Amino acid sequence: MASTHEHTVSEIRLPEGSAWHKAWQYFLAVGAVGLAGSAFGYHSDPKRFGFAWVFALTTVLMIGLGSLFFVVVQHVVGAYWSVTVRRIAEMVMSGLPSIVVLVIPLLVVAPRVYSWMGEHGEHGEHAAAATHTEHGGTAHDHGGTAHDHGGAAHDHADVSSPVALAHAEHEAEEALEAGIVDGKKAYLNKGGFYGRAAGYVAVWSVLALLYMRWSIKQDEDGDLAHTNAARSLAPIALILFGLTLTFAGIDWLMSLDPLWYSTIFGVYLFAMGMVSFFATLILLITGLRASGILVKEISVEHLHDVGKFQFGFLSFWAYIAFSQFFLIYYASIPEEVTFFHKRWTLDPGADHAWAKVTVVLIALHFIVPFIFMMSRNIKRNTSLLPVGAVLLLATHVIEVYWIVLPNFGDLSPALVDVSALLACVGIFFGVGLKSLTVHSLIAAKDPRIERALSFEQV
Amino acid sequence: MSAPTPTRAAKKRPALLLAQFESTADVLHAAEKVREAGYQKWDVHTPFPVHGMDKAMGLPDSKLGWIVATMAIIGFCSALSMYYFMNGVDYAIIVGGKPGFSPPAAVPVYFEVTVLLSAFGTVFGMFHLNGLPRHHHPIFESDRFAAVTDDKYFISIEAGDSKFDVNETRGFLENLHPTHIELLEEAVS
Amino acid sequence: MGYHEPLTEIGEFPLVQPGTTMRVVTETVAGVTENPAPKGWWMLFAVALSFLGIFGGTIGYLFWRGVGIWGNNNPVYWGWDITNFVWWVGIGHAGTLISAVLFLFRQKWRTAINRFAEAMTIFAVICALIFPGIHVGRPWLAYYMFPLPNQMGIWPNFKSPLLWDLFAVGTYFTVSLLFWYVGLIPDFATLRDRSKTQVRRVVYGLLAFGWRGSNRHWQNYERAYLILAALSTPLVLSVHSVVSFDFATSLEPGWHTTIFPPYFVAGAVFSGFAMVMTLLLVTRQVFKLEHIVTMKHLDLMNKIMLVTGSLVGYAYAMEFFTAWYSGNTYERYVFMNRAFGPYAWAYWAMVSCNVISPQFYWFKSLRQNIPLMFVISIVINIGMWFERFVIIVTSLHRDFLPGSWGYFHATIFDFCTYLGTFGVFFTLFLLFIRWVPMIAIAEVKATLPEADPHFSAAGTGSHASHGSHGSHGEAHGAAAGVHAAAHGVAE
């Protein structure tokens, strides 16, 4: 029989007339404006719009996946302190199904953004050329292809001309690169890309809907079976989460530069997602508290713990991001170092704009918030903690921009970036925050809620 | 039920009054009363840290964090300057195409030295704040007090407290319903 | 917060067996150091001493003849020595993880095993430090590694990962020792206060630093413990990351890969938990600690092994995938060679031990099966040794040019050095469990129901003590406590 638990906690609804009732509508309105701008952007330069959309989609996706991971992990470990904040996290998570819609523009423009799809990119043309030679899959073999091309250049051009030589070298290099990209065809192909995208979106939406449903159902009937169901699925959910996050990262971000690779990339995205999610959570909680909602239920003690997680994941993010940078910087292997070379080129005559963005990221995404959020007093201060969260969210946006846009070219912020970001943020949070108005703001019948409410730091 | 006052040596003076309790709840409530009575030089002794006792005693927050923060800054700066001097100034080694002093290439060293000195600050700072090691203390004269590391709880009020008066304080402690009270003395030097 | 009855319907459980009181905890743990050692201890100690003898002999011969007695060759210039180093350092990670990370996550069940795991950490790191020390060939010049002025007039190279190792492992050893000692102070005071002989009183008294359970001290003490935990958490990540840098900063295919730092850390936690499990199962049996180290503790540790084993599996898969995805001929070759080349046996031993064997722990009945978990813990230890062997030897044995391809054959001295470090480890470990409280007495007490001031079951309070005050160890007080604890859990 369904076992229940004695309940002393009652549901909490948004008070009548609270501005939060309309939050989701404002977000959707912003999203609509963003969509209109994006449509205009697509019309004037589809490729540039594509990069803007990858950036905007990744920005909100990371927040959404962070919330999914947080909710699932609370079930795995049976944490009780977090029960009062879990519903707010679930509300962020319930924005995830909107990715089903948000991913469509990405799928439409993908051939223009991902050069390996072989439509509008240089690599693509050469990849096609290289296939004619019917060489096997390895880079080594394609070294041979490069030679042939060099030879071809040799025939047509005057050898003594340095311009022609440089041209020949350039062509040879391109052919080599095309060969390498061609060797990845078994993974980097159109069918795989679309099929996998469908899979990722399905996994995220189903998991988000399931976890939200169990939690909401328990509000109604208080059945402990929901807690147990959520816990039983959690290990599988985590495995699915890890795999989809990693491969979506490879498909959508890493393959923007099809030559570059890094094994840690999935872990890096995970860390980024957690940082941005906790920043969002802090802003939502402190925002609600500022309007007099949940002040007692989510006490300073809970906020302190969320702050600790924010700080902990910020440190973890720094560790992972630094490890990736450090190993690539130290070994300085040409095929890897391109990633940081694009973002940190100080060659005379080159555009140093991306290097400046890198400096901004180091300073404002790590050094300043790390020192700021270290103190226990800041984590317990309801007006200072959100300052750190705003900073981390802003730099999260910059960081994703810094990952995506250097693959387009020099730093050239455009209106289409803002439009795409507004569209994605607006739609994602519009969908997510709608649940603020329909559900209780705390999981009132969770078996651990009493303990969560009386929780204090030791 | 009070213990006989030891009278072995003439040159002794009261050091502290010790009251024994049997449960965390009892000692916690007693501690609240002692604080309310306005005593300053007093203490609670327990086998493990009792949750809520700092608040009951009205203790200000621990200062340890400041010591650790100072040591962390010293650690970071000393590692950086060690690297700068040794590999940048005194004996420049060019390795891996990097200049003698290339800040990112020795980050692990900065980190480790920072943590090492912070840990020293934590442990020795804790000893310093606690006045430990201190092997001689009048409280150890009590035979019952050995149970403080087992399952008994004690409150001690020192004779150095301005409100301390042997009889009055003993009466005050008796009102807290301890299971035992004793007076401990120390030699007059 | 404080004590709360466990909700068994959703899988919660009491931390110690119902009926365990403060007195029982003190008696059980302190008793181990006070009563004569059981026969099992003497037998194990004799075995450990004989391995220590092997260690002494091998090291003596090594210093006499030089590192040529090992199987290291060209191109396999790192062999078992560095494999053993990484393996021991890895084992040394569980202790700090249990003490620091689980402490920060408020996983109270850790109190039953943290002391034990911390001791294991310290001894494992000692074993690890032996290897780079003897690998340098002329150990009497080992001080060249330190940033000290020397007769050559040169300074160490701060850009060298091997120097970072010195700083990282040295710091880790020092901080672990401090952390361990800080935790021990109240427990040494317990032993001091119970001592029946003058020698014990003086020795434990000195070790306890005059601890008197003062709440003013507890306040700073708890803050120190929290800060040490907060420092140790990034430290424990950094140590194995730095060890991974020894490989990953190089240009060697199979070594240079960006996932190495977190992958090594996950592997270290994995092997460390496996080693804790092996030792805990034996100790628990020999010293009869089943009511403090309960089945539920073992179950949770097995779950952590399942998680870390799966993370390690993720890293293996990502390495393989990225080697292919990189399109780099040499990367692809190294991984194909690992799986299907002359060392395929080592590779598949690694995969089956590390990724497949923990998958049994998906099932609760298997997570709670003591013989099975004993076997799996040893299998994982073997698998993690193979992981380091695979990384080091298979990447090196076929250099870029086929002219410098080779194969590594271990010699009898490789075996003896490795076995010898077991002698070092177990000798220290057995001495530890004999003379030092192997379970954190004060910390376990703080997790008991009666430790919570708001726990108000009848029987613990003043009326139980009326009969028992004056002398400790009476049945009355203890029985009342048993009643109270049982009451609290049953409600």
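The values are calculated or read from the model by the stated rules, or taken from the named source; none is laboratory data. Worth saying up front: this structure is predicted, and the values here are computed from it rather than measured. All Cβ positions, even for glycine, are placed from backbone atoms using ideal geometry, and neighbour counts span all protein chains on display. Calculation scope for accessible area: heavy atoms of the full protein, side chains included, ligands and nucleic acids excluded. Shrake-Rupley method; radii C 1.70, N 1.55, O 1.52, S 1.80 Å.
Table for the structure above
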read-out	value
Every residue from the stretch C:56-79 that is open to solvent by 60 Å² or more (accessible area, probe 1.4 Å) and outside any loop (DSSP other than H, G, I, E, B)	C:Y61, C:F63, C:W64, C:R65, C:G68
When residues of the stretch A:311-333 are limited to those that are in contact with a His (Cβ under 9 Å, 6 or more places away or on another chain) and more than 10 Å from every other protein chain (Cβ to nearest Cβ), the one nearest to A:G409 (Cα to Cα)	A:A321
Residue that is modelled with the lowest pLDDT [pool: residues in the stretch B:96-109 that are in contact with a helix residue (DSSP H, G or I) (Cβ under 6 Å, 6 or more places away or on another chain) and at the interface with chain C (Cβ under 8 Å from one of its Cβ atoms)]	B:K98
Test: residue in the stretch A:252-261 that is modelled with pLDDT under 95, out of contact with any strand residue (DSSP E or B) (no Cβ under 9 Å at 6 or more places or on another chain), within 21 Å of A:T395 (Cα to Cα) and within 11 Å of chain C (Cβ to nearest Cβ)	yes
Matching entry among A:L259, A:L233, A:L210 (being more than 21 Å from A:F70 (Cα to Cα), aliphatic (A, V, I, L, M) and open to solvent by 10 Å² or more (accessible area, probe 1.4 Å))	A:L259
Pair list, Cβ < 7 Å and 6+ apart or interchain, from the stretch B:118-143 residues that are within 9 Å of another protein chain (Cβ to nearest Cβ) and more than 12 Å from C:Y221 (Cβ to Cβ) to residues that are hydroxyl-bearing (S, T, Y) and not in a helix (DSSP H, G or I)	B:I139/B:S156
Residue count for the stretch C:312-369, restricted to those that are more than 30 Å from A:P258 (Cβ to Cβ), aromatic (F, W, Y) and outside any loop (DSSP other than H, G, I, E, B)	5
Identity of the residue in the stretch C:190-208, within 7 Å of chain B (Cβ to nearest Cβ) and over 27 Å from C:L97 (Cβ atoms), that ends up nearest to the chain's Cα centre (by Cα)	C:G205
Any hit, the stretch B:144-156, residues being open to solvent by less than 30 Å² (accessible area, probe 1.4 Å), more than 7 Å from every other protein chain (Cβ to nearest Cβ) and among the basic types (K, R)	yes
Hits in the stretch A:408-420 - residues which are in contact (Cβ under 8 Å) with a residue 12 or more places away in the chain and open to solvent by less than 40 Å² (accessible area, probe 1.4 Å)	A:A414, A:V416, A:D417, A:S419, A:A420
Condition check for A:K308: more than 30 Å from C:T329 (Cα to Cα), part of a helix (DSSP H, G or I) and either in contact with a Phe, Trp or Tyr (Cβ under 9 Å, 6 or more places away or on another chain) or at the interface with another protein chain (Cβ under 10 Å from one of its Cβ atoms) (or both)	yes
Counted residues, the stretch B:157-171 - those being of a type in the set (A, V, I, L, M, F, W, C), open to solvent by less than 40 Å² (accessible area, probe 1.4 Å) and out of contact with any helix residue (DSSP H, G or I) (no Cβ under 7 Å at 6 or more places or on another chain)	2
Given (1) assigned by TED's automatic domain parsing to the domain that holds B:E168; (2) open to solvent by 10 Å² or more (accessible area, probe 1.4 Å); (3) of a type in the set (A, V, I, L, M, F, W, C), number of the condition B:V89 does not satisfy	(1)
Qualifying residues in the stretch B:52-68 (those that are without any contact (Cβ under 8 Å) to a residue 40 or more places away in the chain and either within 30 Å of C:I154 (Cα to Cα) or small (G, A, S) (or both)) - the one farthest from the other protein chains (Cβ to nearest Cβ)	B:G58
Options A:I333, A:I298, A:I285; residue that is farther than 30 Å from C:W255 by Cβ, of a type outside the set (D, E) and more than 22 Å from the chain's Cα centre (by Cα)	A:I298
A:F428 aromatic (F, W, Y), assigned to a loop (DSSP other than H, G, I, E, B) and on the phi < 0 side of the Ramachandran plot	no
Every residue from the stretch A:281-305 that is open to solvent by 10 Å² or more (accessible area, probe 1.4 Å), in a helix (DSSP H, G or I) and not acidic (D, E)	A:L283, A:L284, A:T286, A:G287, A:R289, A:A290, A:V300
Failed item in (1) in a helix (DSSP H, G or I); (2) crowded, with 17+ Cβ neighbours inside 10 Å; (3) of a type in the set (A, V, I, L, M), with A:A444 passing the rest	(1)
Test: residue in the stretch C:163-183 that is touching a Ser or Thr at 6+ places or on another chain (Cβ under 6 Å), small (G, A, S) and under 30 Å from B:A147 (Cβ atoms)	no
Residue list for the stretch C:171-183, filter: surrounded by fewer than 22 Cβ atoms within 10 Å (Cβ to Cβ) and aliphatic (A, V, I, L, M)	C:L177, C:L178, C:V182
From the options C:S250, C:S214, C:S244, C:S238, residue that is at the interface with chain B (Cβ under 8 Å from one of its Cβ atoms), closer than 30 Å to C:S395 by Cβ and small (G, A, S)	C:S238
Test: B:E112 is more than 7 Å from chain C (Cβ to nearest Cβ) and acidic (D, E)	no
Members of the stretch B:102-119 that are open to solvent by less than 60 Å² (accessible area, probe 1.4 Å) and over 13 Å from C:P234 (Cβ atoms)	B:S102, B:P104, B:A105, B:A106, B:V109, B:V113, B:L117
Filter pass, C:F105 being away from chain A (no Cβ under 14 Å) and surrounded by fewer than 24 Cβ atoms within 10 Å (Cβ to Cβ)	no
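Residues checked against (1) open to solvent by 30 Å² or more (accessible area, probe 1.4 Å); (2) at pLDDT 85 or above; (3) assigned by TED's automatic domain parsing to the domain that holds B:V166:
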residue	(1), (2), (3)
B:S2	yes, no, no
B:T7	yes, no, no
B:L17	no, no, yes
B:V27	no, no, yes
B:A30	no, no, yes
B:V50	no, no, yes
B:A56	no, no, yes
B:V68	no, yes, no
B:A72	no, yes, no
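Results for (1) within 17 Å of the chain's Cα centre (by Cα); (2) over 30 Å from A:G179 (Cα atoms); (3) not in a helix (DSSP H, G or I), shown as yes or no for each residue.
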position: A:V73; (1), (2), (3): no, yes, no
position: A:V76; (1), (2), (3): no, yes, no
position: A:I88; (1), (2), (3): no, yes, no
position: A:M91; (1), (2), (3): no, yes, no
position: A:P97; (1), (2), (3): yes, yes, no
position: A:V101; (1), (2), (3): yes, yes, no
position: A:A110; (1), (2), (3): no, no, no
position: A:W116; (1), (2), (3): no, no, no
